[in-house]
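Beneath this line is the structure, given in structure tokens, with notes to follow.
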Amino acid sequence: MDKIQLFCIPYAGGNAEAFDGLKKYLPQEIEITALDYAGHGARSQEDFYPTFDDMASDMARQLNGCLKPDYKTVIFGYSMGSVVAYEIIARGLVKAEVKRLFLAAHEAPGEYWSSVEYTKLDDLAFAHKLMEFGGFDKFQDRFLDNRHFRRMFFEPIRQDYRLIADYKRKHDIRPDIPVTFFYAPDDVSREDAVKWTSRFAAEPEYIEIGRNHFFIKEYPEELAGLIEERLKM
């Protein structure tokens, strides 16, 4: 098996650690390079992005700065990271040939996203909405009065939803690349999942896994196995 560098782009509010579970189950030939958004994880002291385009451009710069020679480049975007991954490939921002793309847990670019409505909620209502699909493992209303909680956990995800609401599909580029899309039916329906088809030159492969949004946390071994199988093909 060729050496593969698997770049991972996280979900809203997430950071590079979101992909630690996958590392346990992937062979050493598949090296994960997980990225952090500004204001998240190892980059928590940096300012949040003004716009979605700023985020996409920064992710591309970060990815390009980590490219390893003699490794095949593969990208895995999860939830919001799926849209970021699609954009940086469609815009030709990656300075390497991307051999395969894995996407997960988000509706296709240019479609209506109910998550955009979350940006209109006040802080408490927004936090409770996130609780419904596992955005916070544990949450009590009083946490919003805690400065550390707000800066480390609440503000990053609130800012990311602002960026998603800011997103506008400004092109009709259909990248010619093999794509596998993972989805959970209680999160993204099959009907919504297959709308990704029109965003690529060839129809993606669609795989149902789990039931809820954070199947990456619940089924890391199964997800890793599916990724490994496709990279061996």
_the stretch 1-43, subset free of Cβ contacts under 8 Å to residues at least 24 places away in the same chain and either assigned to a loop (DSSP other than H, G, I, E, B) or in contact with a Gly (Cβ under 6 Å, 6 or more places away or on another chain) (or both), residue nearest to K99 (Cα to Cα)_ = Q28
_Between A127, A105, which is modelled with pLDDT of 95 or more and buried (at least 19 other Cβ atoms within 10 Å of the Cβ)?_
A105
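Residue by residue, here is whether (1) out of contact with any Leu (no Cβ under 9 Å at 6 or more places or on another chain); (2) under 23 Å from E132 (Cα atoms); (3) not β-branched (V, I, T) holds:
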| residue | (1), (2), (3) |
| --- | --- |
| K170 | yes, no, yes |
| P185 | yes, yes, yes |
| W196 | no, no, yes |
| I207 | no, no, no |
| M233 | yes, no, yes |
*Give the residues of the stretch 210-221 that are free of Cβ contacts under 8 Å to residues at least 40 places away in the same chain and either surrounded by 15 or more Cβ atoms within 10 Å (Cβ to Cβ) or touching a helix residue (DSSP H, G or I) at 6+ places or on another chain (Cβ under 8 Å) (or both), sorted by residue number.*
G210, E218, Y219
*asked:* Condition first: modelled with pLDDT of 75 or more and assigned to a loop (DSSP other than H, G, I, E, B). Now tell me which residues in the stretch 137-152 satisfy that.
replied: N146
*For G14, work out the one condition from (1) touching a strand residue (DSSP E or B) at 6+ places or on another chain (Cβ under 8 Å); (2) at pLDDT 95 or above it doesn't fulfil.*
(2)
*Give the number of residues within the stretch 164-215 that are over 18 Å from the mean Cα position of the chain (by Cα), of a type in the set (G, A, S) and part of a loop (DSSP other than H, G, I, E, B).*
2
*Considering the stretch 181-209 alone, what residues qualify as being buried (at least 19 other Cβ atoms within 10 Å of the Cβ) and not acidic (D, E)?*
F181, F182, Y183, A184, V188, A193, W196, R199, F200, P204
*Can you tell me which residue within the stretch 44-69, out of those that are of a type in the set (S, T, N, Q) and not in a helix (DSSP H, G or I), is nearest to F19 (Cα to Cα)?*
S44
_Tally, over the stretch 60-102, of residues that are modelled with pLDDT of 95 or more and over 21 Å from F214 (Cβ atoms)_ = 27
*State all residues of the stretch 70-86 that are in a loop (DSSP other than H, G, I, E, B) and within 10 Å of the chain's Cα centre (by Cα); if no residue qualifies, say none.*
S79
*Sort out which residues of the stretch 87-125 are at negative phi, in a loop (DSSP other than H, G, I, E, B) and among the hydrophobic types (A, V, I, L, M, F, W, C), and write them in order of number.*
L93, V94, A96, A108, W113, L121
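The values are calculated or read from the model by the stated rules, or taken from the named source; none is laboratory data. On a predicted model such as this, the values are computed, not experimentally measured, just so you know. A quick note on method: Cβ atoms are made from the backbone with ideal geometry, for glycine too, and the neighbour counts reach across all protein chains shown.
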